[in-house]
1. Got a number for residues in the stretch 1-26 being free of Cβ contacts under 8 Å to residues at least 24 places away in the same chain and surrounded by 13 or more Cβ atoms within 10 Å (Cβ to Cβ)?
2. Based on this model, can you work out whether V37 counts as within 30 Å of R277 (Cα to Cα), open to solvent by less than 70 Å² (accessible area, probe 1.4 Å) and among the hydrophobic types (A, V, I, L, M, F, W, C)?
3. Assess whether E60 counts as being in contact with a Phe, Trp or Tyr (Cβ under 8 Å, 6 or more places away or on another chain) and within 24 Å of Q172 (Cβ to Cβ).
4. Which residue out of P87, P111, P123 is farther than 17 Å from A14 by Cα, in contact (Cβ under 8 Å) with a residue 40 or more places away in the chain and out of contact with any helix residue (DSSP H, G or I) (no Cβ under 9 Å at 6 or more places or on another chain)?
5. Among T136, T150, T110, which is the only one that is in the same structural domain as N65 (by the TED database) and of a type in the set (S, T, Y)?
6. Could you go through the stretch 245-265 and let me know if any residue there is in a helix (DSSP H, G or I), over 22 Å from the mean Cα position of the chain (by Cα) and within 20 Å of V167 (Cβ to Cβ).
7. Check the stretch 43-56 and report whether any residue there is under 28 Å from K246 (Cα atoms), part of a loop (DSSP other than H, G, I, E, B), open to solvent by less than 70 Å² (accessible area, probe 1.4 Å) and modelled with pLDDT of 95 or more.
Amino acid sequence: MNNPTVWLNGELIALADAKISVLDRGFLFGDGIYEVVPVYHGKPFRLAQHLDRLERSLAEIRIANPYTRAEWEALFARLSATCAADPHSVYVQVTRGVAPRQHTFPKDITPTVFGIATPLTLPSREKVEQGVGAVTHEDRRWLNCHIKSTSLLGNVLMAQYAADHEVQETIQFRDGLLTEASSSNVWVIKHGAMAAPQRDNRILEGIRYGALESFAQECGIAFEERAVSEAEVRDADELLITSATKEVLAVVTLDGKPVGDGKPGPVFRALYAAYQRAKEAL
Ligand code: PMP
């Protein structure tokens, strides 16, 4: 892992040799998008859904997709083959490219494509079994949260806010409604039924959103996609967070107060088990 092989603009090269221009718009403006795909036993988890989201993000910010679907699949496979660790994750980023600095889109610009596979450290056994803490904050991000943009300053500040409070995540509210955490989707359980905010511009639709929806169905857990109030979050029996690297975790303290009985609950256990089965079945 000292000098891994990475993808940059059409070739696999050593990380130490991978250089981009200071005029890259990803560097100057955060003008780009990215994806993170977890890979278990060499098999990507929900790659098709990740590629769909990549295409949607590119279209939203009007970068012409540099690769065909087959080329993206081949690139993910080639990057995956560079990393012996199991599990690992494959990160890819597309920026608008390099041009003299101006805000508007330059003409005839070639997107920069970067990719790297890195070992994936899953949450510790302790976090899975005991749950994690979260704090809350007003959601001050922009209103295009559905785009998986590399402009992540709002998320970075909220991740650090959680770190400053020595908890896993910051759960955000906008206008009294739950949105999402700094890098996770959030799920609220009351009386055995689960709810999560609508998949609109206020949240990033995690690939685990659709996954958890289908695991809930498989486990006979009622699920509703709807507006969730801050009061419901604070009064939940169970709170869950999901992301590619966290899979699914139970939030057992919120702003220092216990969630439900302060332990991971039955809905968490059922969905966590379903997640592990889906990985094994890849
Ligand atoms: N919301 C935000 C803001 C995120 O950064 C992430 C993780 N990338 C998620 C939700 C969860 O998405 P996924 O399940 O695809 O990892």
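The values are calculated or read from the model by the stated rules, or taken from the named source; none is laboratory data. Not measured: the values here are computed from a predicted model. Here the Cβ positions follow ideal geometry from the backbone for every residue, glycine too, while neighbour counts run over all protein chains shown. These area figures cover heavy atoms from the full protein model, side chains too; ligands, DNA and RNA do not enter into them. Shrake-Rupley method; radii C 1.70, N 1.55, O 1.52, S 1.80 Å.
1. 1
2. yes
3. When the stated conditions are applied, E60 does not pass them.
4. Exactly one residue qualifies, and that residue is P123.
5. None of the other options fit; the residue is T110.
6. No, the conditions are met nowhere in the stretch 245-265.
7. Within the stretch 43-56 (the criterion being under 28 Å from K246 (Cα atoms), part of a loop (DSSP other than H, G, I, E, B), open to solvent by less than 70 Å² (accessible area, probe 1.4 Å) and modelled with pLDDT of 95 or more), the answer is yes, since at least one residue qualifies.
So that you can scan it fast, the table gives a plain yes or no per residue for (1) part of a helix (DSSP H, G or I); (2) aromatic (F, W, Y); (3) open to solvent by less than 40 Å² (accessible area, probe 1.4 Å); (4) farther than 23 Å from E35 by Cα:
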| site | (1), (2), (3), (4) |
| --- | --- |
| L178 | no, no, yes, yes |
| D200 | no, no, no, no |
| Y209 | yes, yes, yes, no |
| E218 | yes, no, no, yes |
| R269 | yes, no, no, yes |
